[in-house]
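This report refers to the structure that appears directly beneath it.
Please treat every number below as a calculation from the coordinates, not as lab data. All figures in this text were calculated on a predicted structure; none of them were measured in a lab. Note: ideal-geometry Cβ built from the backbone for every residue, glycine included; neighbour counts use all protein chains shown.
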Amino acid sequence: MHLLFSTLMLLAQSGDGSGSPAPEAPSLFNPIFLFPILLIFAWLFLFRPGQKKREREQQAMVANLTKNDKVITNAGIVAVVHSIQDDEVVLKLEDNAKMRILKSTIFRNVSAEERQKAGTAATTSTAATPPVETATKEQKA
C-alpha cells in the first residue's frame, strides 16, 4: 500500500505519466541564438561599410585612369596604360608587348599616387611660415 501511494505521489508531481520534468521553452539569450545575431550585427556595422568604401575607391581609381598611367594589376603585373576602352584596358609591358585586361583587375594606379604625393608635398613646402616676431627690450619690460 505504501509503495502504491508513493508511486501515485510521484506521478502527480511530474504532471504527465513520463516522470520527467517538462522541457523549457528556448530563450533568445541562449548562445545558440545569440551567436548568429552577433555575427549579423558585426557584418552589418563593421565589415560592410569598409567593403563599400574600398569598392567606391576602386571604382573612382578605375574611372580616373588615363593613357600612360603606370598601374599594378591584381596578378602583380606592372605596366603602362596604352589605351582605354569601355570595360577593358590595353597595357603596354616593358618589352613593348601589349596585354588586354579588364578594368576591374587593376589594383593600383602608381602614377596617380605619385601625383597625389607630389601635390601634397608641394602644398606643404609652399605653405607660408608664420612671421617671426622680434621683441625689443622695451616690449619685454
Residues whose built amide H sits under 5 Å from the amide H of Asp69, excluding neighbours closer than 5 in sequence, are Val81
In whole angstrom, largest first, the equivalent ellipsoid semi-axes that the Cα gyration tensor gives for region 65-122 are 21, 12, 11
In order over region 39-54: 3J(HN,Hα) from phi, Karplus 6.51/-1.76/1.60, θ = phi - 60°, whole Hz, x for each Gly or Pro, gives 5, 5, 5, 4, 5, 5, 9, 10, 8, 5, x, x, 5, 4, 5, 4
Amide H neighbours of Leu91 at under 5 Å, excluding residues fewer than 5 places away on the same chain, with H built from the backbone geometry, are His82, Met99, Arg100, Ile101
Diffing region 56-73: the Karplus 3J(HN,Hα) column from phi (6.51, -1.76, 1.60, θ = phi - 60°), in whole Hz with x for Gly and Pro, holds 5, 5, 5, 5, 5, 5, 5, 5, 9, 5, 10, 5, 6, 6, 8, 10, 10, 8
The answer for Phe107, listing residues at least 5 apart or on another chain whose modeled amide H is closer than 5 Å to its amide H, is Ile72, Thr73, Asn74
In whole Hz, the Karplus estimates of ³J(HN,Hα) for region 80-93 (6.51, -1.76, 1.60; θ = phi - 60°; x where Gly or Pro) are 10, 5, 8, 8, 10, 10, 3, 10, 10, 10, 9, 9, 10, 8
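Listing Thr73, Thr123, Thr105 from the residue with the fewest other Cβ atoms within 10 Å to the one with the most, what is the order?
Working: Thr73 17, Thr123 9, Thr105 14.
Least to most surrounded, the residues fall as Thr123, Thr105, Thr73.
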